[in-house]
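Below: one structure, written as structure tokens.
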Ligand code: ADP
């Protein structure tokens with residue numbers, strides 16, 4: 001059975017999207033071009049029709065006034081440069097149409113044929129007819145006057161209108177052809193543009209899942225190996241096997257942290273985590289977090305200092321997440337420094353921004369790693385040693401927290417001298 005890969009699915013989706021876009025755009029083009037054509041046709045035929053109707057009325061009036069000019073050239077008459085032909089009959093009251101009396105114009109048109117077309121149209125009707133292959137516009141009408149009913153057909157050549165319209169059709173066809181080309185290009189561009197963020201997000205997600213599984217495999221293997229050692233000696237006391245139990249326990253602890261971090265990022269990606277919007281006094285928060293970390297720093301013979309302004313620095317945000325951010329930065333500062341290091345947290349603010357800097361005199365970060373430092377599962381060489389317990393997710397979470405608060409985070413670092421992480425938040 002053929003396996004459908006995600007790439008196949010994306011190609012199929014792209015093709016579908018492309019077809020939908022060009023279908024929609026092309027329909028719009030067709031409607032627009034159709035509208036231009038029908039407006040133009042209406043306008044041109046409207047002009048012809050007006051002339052025909054005026055001429056028909058004028059003809060009947062002339063006949064009633066016994067003017068001779070309408071009979072000129074046997075049913076041909078011209079007004080300006082438009083030539084009209086007509087056939088005029090008068091109906092004999094009480095008799096069938098065929099008994100109508102021919103009055104003037106072209107006698108070879110039967111009054112019955114005019115009557116058939118016009119009978120249901122009190123204001124007369126316009127039609128395009130073909131006479132010997134030439135298009136004519138014709139007006140058929142049965143007109144009631146006190147002196148009787150007149151049956152009239154007036155025609156005029158529609159050849160010029162026809163040529164103009166067929167030229168217009170050609171032009172619109174060419175425009176339509178180019179429009180199709182442009183539509184295809186727009187369709188290709190749009191379909192790849194619309195899909196690329198999804199493809200990128202999907203690839204990132206896939207990489208994330210692969211990295212997460214990889215990260216989970218190692219601690220689980222360690223736990224398994226340590227428990228297997230215990231199982232081999234069921235007669236031993238817990239005390240005598242504390243070493244293996246301790247190993248398994250510390251792996252469980254680090255796996256728990258890893259899973260929590262993974263969950264945080266997964267929820268952040270799916271916008272599941274809501275960021276609270278409460279007023280936070282950052283000076284107080286820094287004091288609280290630094291106080292918690294201080295014993296650990298002392299334990300590692302590191303000097304942790306913090307400095308906050310006299311006045312309160314406030315921001316709007318989620319206190320739990322901002323506490324997590326400070327803990328991540330301080331935890332890193334402790335992890336990537338040696339004993340005797342100085343770690344400082346400074347806070348500053350003005351009316352627009354609040355700035356927190358966490359500085360250490362630790363191992364620093366190589367220049368080539370700096371651009372990737374906030375990427376998921378990015379770990380420097382030093383943290384690959386398992387004693388550091390780093391998952392490579394701390395800074396990704398830190399970045400997400402800062403950005404979710406509308407701020408940004410940057411790092412400055414020199415190998416062997418130390419690093420400074422600076423967080424800027426709106427005040
Ligand atoms: P980890 O769990 O590995 O600490 P982080 O996302 O917190 O993951 O950090 C990513 C990498 O950035 C770390 O592996 C480390 O190499 C580097 N790093 C972070 N903070 C510091 C720091 N203060 N000093 C030196 N390197 C740091």
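The values are calculated or read from the model by the stated rules, or taken from the named source; none is laboratory data. All values derive from a computational prediction rather than experimental measurement. We place every Cβ from the backbone using ideal geometry, glycine too, and count neighbours over all the protein chains shown.
Residues that are exposed (fewer than 15 other Cβ atoms within 10 Å of the Cβ), free of Cβ contacts under 8 Å to residues at least 40 places away in the same chain and within 16 Å of the ligand (Cβ to nearest atom): does the range 281-297 have at least one?
Yes.
Taking the range 265-284 only, how many residues are touching a helix residue (DSSP H, G or I) at 6+ places or on another chain (Cβ under 6 Å) and modelled with pLDDT of 90 or more?
Summing the residues that are touching a helix residue (DSSP H, G or I) at 6+ places or on another chain (Cβ under 6 Å) and modelled with pLDDT of 90 or more in the range 265-284 gives 1.
Residues that are touching a strand residue (DSSP E or B) at 6+ places or on another chain (Cβ under 6 Å) and away from the ligand (no atom under 12 Å from the Cβ): does the range 318-329 have at least one?
The answer is yes, given that some residue of the range 318-329 is touching a strand residue (DSSP E or B) at 6+ places or on another chain (Cβ under 6 Å) and away from the ligand (no atom under 12 Å from the Cβ).
Among 415, 402, 367, which is the only one that is at negative phi, in contact with a strand residue (DSSP E or B) (Cβ under 6 Å, 6 or more places away or on another chain) and more than 7 Å from the ligand (Cβ to nearest atom)?
From the options 415, 402, 367, the qualifying one is 402.
Looking at the structure I just gave you, is residue 221 surrounded by 14 or more Cβ atoms within 10 Å (Cβ to Cβ) and at pLDDT 85 or above?
Here the answer is no, as residue 221 does not meet what is asked.
Can you name the number of the only condition in (1) within 37 Å of the chain's Cα centre (by Cα); (2) away from the ligand (no atom under 12 Å from the Cβ); (3) closer than 21 Å to residue 291 by Cβ that residue 424 fails?
With respect to (1) within 37 Å of the chain's Cα centre (by Cα); (2) away from the ligand (no atom under 12 Å from the Cβ); (3) closer than 21 Å to residue 291 by Cβ, residue 424 is out only on (3).
Read through the list (1) within 18 Å of residue 413 (Cα to Cα); (2) more than 12 Å from the ligand (Cβ to nearest atom); (3) part of a helix (DSSP H, G or I), then give the number of the only condition that residue 334 fails.
(2)
Determine whether residue 353 is surrounded by fewer than 19 Cβ atoms within 10 Å (Cβ to Cβ), touching a strand residue (DSSP E or B) at 6+ places or on another chain (Cβ under 8 Å) and touching a residue at least 40 places away in the same chain (Cβ under 8 Å).
Here the answer is yes, as residue 353 does meet what is asked.
Being closer than 26 Å to residue 415 by Cβ and either touching a helix residue (DSSP H, G or I) at 6+ places or on another chain (Cβ under 9 Å) or part of a strand (DSSP E or B) (or both): is that true of residue 262 here?
no
Counting only residues that are more than 15 Å from residue 17 (Cβ to Cβ) and in contact (Cβ under 8 Å) with a residue 12 or more places away in the chain, how many does the range 174-200 have?
Looking only at that region, the number is 4.
Scan the range 307-331 for residues that are touching a helix residue (DSSP H, G or I) at 6+ places or on another chain (Cβ under 8 Å) and either crowded, with 21+ Cβ neighbours inside 10 Å or assigned to a helix (DSSP H, G or I) (or both) and report the count.
15
Suppose we keep only residues that are buried (at least 16 other Cβ atoms within 10 Å of the Cβ) and out of contact with any helix residue (DSSP H, G or I) (no Cβ under 7 Å at 6 or more places or on another chain) within the range 124-179. Which one would you say is nearest to residue 103 (Cα to Cα)?
For the range 124-179, the residue satisfying everything is 149.
Identify, from the list 229, 252, the residue that is in contact (Cβ under 8 Å) with a residue 12 or more places away in the chain, more than 20 Å from residue 377 (Cβ to Cβ) and out of contact with any helix residue (DSSP H, G or I) (no Cβ under 6 Å at 6 or more places or on another chain).
From the options 229, 252, the qualifying one is 252.
Conditions: (1) touching a strand residue (DSSP E or B) at 6+ places or on another chain (Cβ under 6 Å); (2) at pLDDT 90 or above. Residue 105 meets all but one. Number of the miss?
Status for residue 105: all satisfied but (2).
Are any residues in the range 99-123 surrounded by fewer than 13 Cβ atoms within 10 Å (Cβ to Cβ) and part of a helix (DSSP H, G or I), and if so, which ones?
99, 116
Out of all the residues in the range 161-171, is one or more in contact with a strand residue (DSSP E or B) (Cβ under 8 Å, 6 or more places away or on another chain), more than 30 Å from residue 34 (Cα to Cα) and in a helix (DSSP H, G or I)?
No: the range 161-171 contains no residue that is in contact with a strand residue (DSSP E or B) (Cβ under 8 Å, 6 or more places away or on another chain), more than 30 Å from residue 34 (Cα to Cα) and in a helix (DSSP H, G or I).
Of the conditions (1) more than 41 Å from the chain's Cα centre (by Cα); (2) at pLDDT 95 or above; (3) within 7 Å of the ligand (Cβ to nearest atom), residue 382 clears all except one; give me its number.
(2)
State whether the residues of the range 28-45 include one that is touching a helix residue (DSSP H, G or I) at 6+ places or on another chain (Cβ under 6 Å), without any contact (Cβ under 8 Å) to a residue 40 or more places away in the chain and part of a helix (DSSP H, G or I).
no
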